[in-house]
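Contents: one structure, followed by commentary.
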Amino acid sequence: MKILTLETSCDETAAAILEQKDDGSIHILSNVLATSLLLHAKTGGIIPEEAAREQIKYMLPVIQQTLAEASLQPTGYNLPPPVDAIAITYGPGLIGSLLVGVETAKTLSYVWNIPIAPVNHLLGHIAANWVVGDSTLHMENKKPRATSYELPAFPLVALIVSGGHTDLLFMKSFDQYQWLGGTRDDAAGEAFDKIGRMLGFAYPAGPMIEQLAKDGNPKAYNFPRPMIGSDDFDFSFSGLKTAAFRVIQEQKSMNEQTKRDLCASVQQAIIDVLIKKTLKAAEKYDAKSILLGGGVCANQTFITQLKQRATTYQLQPTIFAPPKFLCTDNAAMIGAAALLNYKPIPWQKMTANPELYFD
Ligand code: KG4
Ligand code: ZN
């Protein structure tokens, strides 16, 4: 089955064409993304109405390009549709942004007379781990991706860490899951962004903090690891933000090395908590795999340390992290979630749900 998939929940306008093979693996035929990140970097964050206005401009050209890159012809009314179904993010996210994608997808479903499948953006981040390479693709650093691959095995534990969410899930299958816990205040990505902002970095600050942390000392500042020992799977990052704020304010002058040390220490505090809770969940639920998803998983220091620490556990779960371009928001992950649990609905029933969480 070939699907067109759209994602507009936050600041991206994305479309992709995907195909699922008999082994369950999901292959990208094309993957296009227009971002209004530069606009948001200027204002220090996302202004919802501005984001939606940009998405309205980008939506149709992005669809046109994704069809062209998959060598599919855009077709009109009464002509055979170029794909078998459409998948669309219906929440959570910004209402104006979600509506751009949802209403476009509904229109295409109606005009092409093909099914439309709603996708929870958060499950999309997890589904990105089923997307595998195709030797003809040149999306990441213009290099082909692996042609041999291992797919995640159930039961598994999934950690979603993005700008808006920090959630741990236990999954018996893709549609049978239990939410184990999440953040009580700021999300991990939000902590990166807010602390980065105090240091004068543009939004989103995660990549810059990771970059500077490479030459910094993670032990230079002993920041709190909130809730690291708590008897649950919840997280809290606002205390760390306050602690970092205090240290930054105390600096009389901030030289480059101090900045690097601050970045490394903040990053280490966040990573330590994420790793501890994820491995604890994997152990408790006998997970065969640990799946990571969301923008913060683009952080290679986090992935490397998680892999290292996982080897000290008795049960050695395989750790899956999507390639960078599938960690941050994209349409391919949304299509992957739709294919893993294909449940189309009539377009008349499709509505955006900005508050959507886990059912
Ligand atoms: O998943 P995503 O693209 O959008 C949301 O759904 O939120 O995640 C964006 C978040 C931002 O907070 C950004 O700072 C963070 O992911 N991020 C990173 C890195 N790359 C992106 N955080 C830490 N290290 C990175 N390399
Ligand atoms: Zn996201």
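The values are calculated or read from the model by the stated rules, or taken from the named source; none is laboratory data. None of the values given here were measured: they were computed from a predicted structure. Ideal geometry is used to build each Cβ from the backbone, glycine not excepted, and the neighbour counts take in all protein chains shown. Side chains included, ligands, DNA and RNA excluded: accessible areas come from the protein's heavy atoms. Shrake-Rupley method; radii C 1.70, N 1.55, O 1.52, S 1.80 Å.
Quick notes on this one:
- Candidate set: segment 181-201, residues that are small (Gly, Ala, Ser) and not in a loop (DSSP other than H, G, I, E, B); chosen: the one surrounded by the most Cβ atoms within 10 Å (Cβ to Cβ): Ala191
- Restricting attention to segment 1-28, the residues being part of a strand (DSSP E or B), open to solvent by 10 Å² or more (accessible area, probe 1.4 Å) and at pLDDT below 90 number 2.
- Of the numbered criteria (1) under 20 Å from Leu122 (Cβ atoms); (2) part of a loop (DSSP other than H, G, I, E, B), the one Cys297 fails is (2).
- Selection from segment 92-116 of residues that are in contact (Cβ under 8 Å) with a residue 40 or more places away in the chain and either open to solvent by 80 Å² or more (accessible area, probe 1.4 Å) or touching a strand residue (DSSP E or B) at 6+ places or on another chain (Cβ under 7 Å) (or both): Ile95, Leu98, Gly101, Val102, Thr104, Ala105, Lys106, Leu108, Ser109, Tyr110, Pro115, Ile116
- When restricted to residues that are open to solvent by 40 Å² or more (accessible area, probe 1.4 Å) and assigned to a loop (DSSP other than H, G, I, E, B), segment 202-231 contains 17.
- Candidate set: segment 295-316, residues that are open to solvent by 10 Å² or more (accessible area, probe 1.4 Å) and within 13 Å of ligand 2 (Cβ to nearest atom); chosen: the one nearest to Ile86 (Cα to Cα): Gly295
- Residue in segment 60-80 that is among the hydroxyl-bearing types (Ser, Thr, Tyr), assigned to a helix (DSSP H, G or I) and within 16 Å of ligand 2 (Cβ to nearest atom) present: no
- Filtered residues of segment 171-197 (kept if touching a strand residue (DSSP E or B) at 6+ places or on another chain (Cβ under 7 Å) and within 16 Å of ligand 1 (Cβ to nearest atom)): Gly182, Thr183, Ala187, Ala188, Gly189
- Considering the conditions (1) within 11 Å of ligand 1 (Cβ to nearest atom); (2) modelled with pLDDT of 95 or more; (3) among the hydroxyl-bearing types (Ser, Thr, Tyr), Ser162 is excluded by exactly one of them, (2).
- Given (1) more than 16 Å from ligand 1 (Cβ to nearest atom); (2) out of contact with any helix residue (DSSP H, G or I) (no Cβ under 8 Å at 6 or more places or on another chain); (3) open to solvent by less than 60 Å² (accessible area, probe 1.4 Å), number of the condition Ile319 does not satisfy: (2)
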